[in-house]
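Remarks on the structure that follows.
The values are calculated or read from the model by the stated rules, or taken from the named source; none is laboratory data. In this text, all values refer to a predicted model and were calculated from it rather than measured experimentally. Note: ideal-geometry Cβ built from the backbone for every residue, glycine included; neighbour counts use all protein chains shown. All accessible areas refer to the heavy atoms of the entire protein, side chains included, with ligands and DNA or RNA removed. Shrake-Rupley method; radii C 1.70, N 1.55, O 1.52, S 1.80 Å.
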Amino acid sequence: MSIGLRRVLAVTAAISLGLGAASCDSASQPSSGGSGGGPAPLPAAAGRGAGQIALLLPEARTTRYEQFDRPLIEKRIKELAPDAQIDYYNADQDAAVQQTQIDAAVKKGAKVLILDAVDAKSIQASIQKAHDAGVKVVAYDRLAQGPVDAYVSFDNRKVGELRGQAAVAAGGTADGGDAITVNGSPTDPSAADPNAAAPSAADPNAAAPSAVDSSASGSGASRQSVPLTGQDFQLDGVQRILAGAQAMSVYKPFKSEADVAAQLAVDLAYGQEIGGALVPTTVTSGSSDKVPAGLIAPVALTKDNIKATVVADGLFTVAQICTADYVAACSAAGLQ
């Protein structure tokens, strides 16, 4: 077994075994690099030629991309391959801009693209061009269409199940009305999976899933009687959960997703086998391409585990969460 494959197996074990217990004690997960555990850097990386990796994210308005995904991915790549060159692109939610950015990255000499597509369908032609040029593509968070080499995301059907279960546990609608489903972007294939799974996990007259916390905020303003749920949590979503205005959110440990994406990109950039253990399942994209995938387990975020998840993992501090309007709620939840 090669060194690269042994390292891949170690990462996979952490995903498949460790994340299942994250809701109980997410603080026990190993930190990236250093003495905190995790796979060691690639041996003699500097002697094998620099790998050029392009990171293409869809927008900067959502908290996660600039504050978490980008720095986590870039840090892990540098830990694994200190000589790697990282070129960063942000499409500002413009699919045409992202297509141009892919072309630019390929012309600049990128060996691997880590791509979170603005529009999973319209990006297909650009991915095909990259593939034809010998450039590998790691679809990150959203499954883009076209000849993608690997896909890393969260188990989105599980996201829907968690939201539906939370809505039922919250007691359903106060007036017995129908469910409200606030969908995510139609250009994001990940948005459909949670909404498809939620009805199977909840009474359709009780569930009110929202695709993201920002959507939940708008829903809450219009219909307070419906139990709200969300995902891709933001600070105001965490605060609504503490205050009882939102039933839950879905916590996605971005570090685990970022670590796997970085691992894949480095292995592909340096000609290493990614190993079957890292991608234990296969998904079918909208273009009918079969893509090896690593799906990470999400965690239901409630007021009971805010401290053990988003605070322990450094996404938000207690001071950021417990502003003046939420002091009492924070105290009740044991955050202060």
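What the table below lists for this structure:
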item	result
Hits in the range 235-246 - residues which are part of a loop (DSSP other than H, G, I, E, B) and open to solvent by 40 Å² or more (accessible area, probe 1.4 Å)	Gly244, Ala245
Complete set of residues in the range 106-145 that are open to solvent by 60 Å² or more (accessible area, probe 1.4 Å) and without any contact (Cβ under 8 Å) to a residue 24 or more places away in the chain	Lys107, Gln128, His131, Asp132
Strands (runs of 3 or more DSSP E) wholly inside the range 248-336 that include at least 1 residues being modelled with pLDDT of 90 or more, touching a strand residue (DSSP E or B) at 6+ places or on another chain (Cβ under 7 Å) and open to solvent by 40 Å² or more (accessible area, probe 1.4 Å)	281-284, 290-296
Residue check, Gln85 polar (S, T, N, Q), open to solvent by 20 Å² or more (accessible area, probe 1.4 Å) and in contact with a Pro (Cβ under 7 Å, 6 or more places away or on another chain)	no
Considering residues of the range 60-75 that are modelled with pLDDT of 95 or more and more than 14 Å from the chain's Cα centre (by Cα) only, the residue least open to solvent (accessible area, probe 1.4 Å)	Glu74
Any hit, the range 149-156, residues being of a type in the set (A, V, I, L, M, F, W, C) and open to solvent by 20 Å² or more (accessible area, probe 1.4 Å)	no
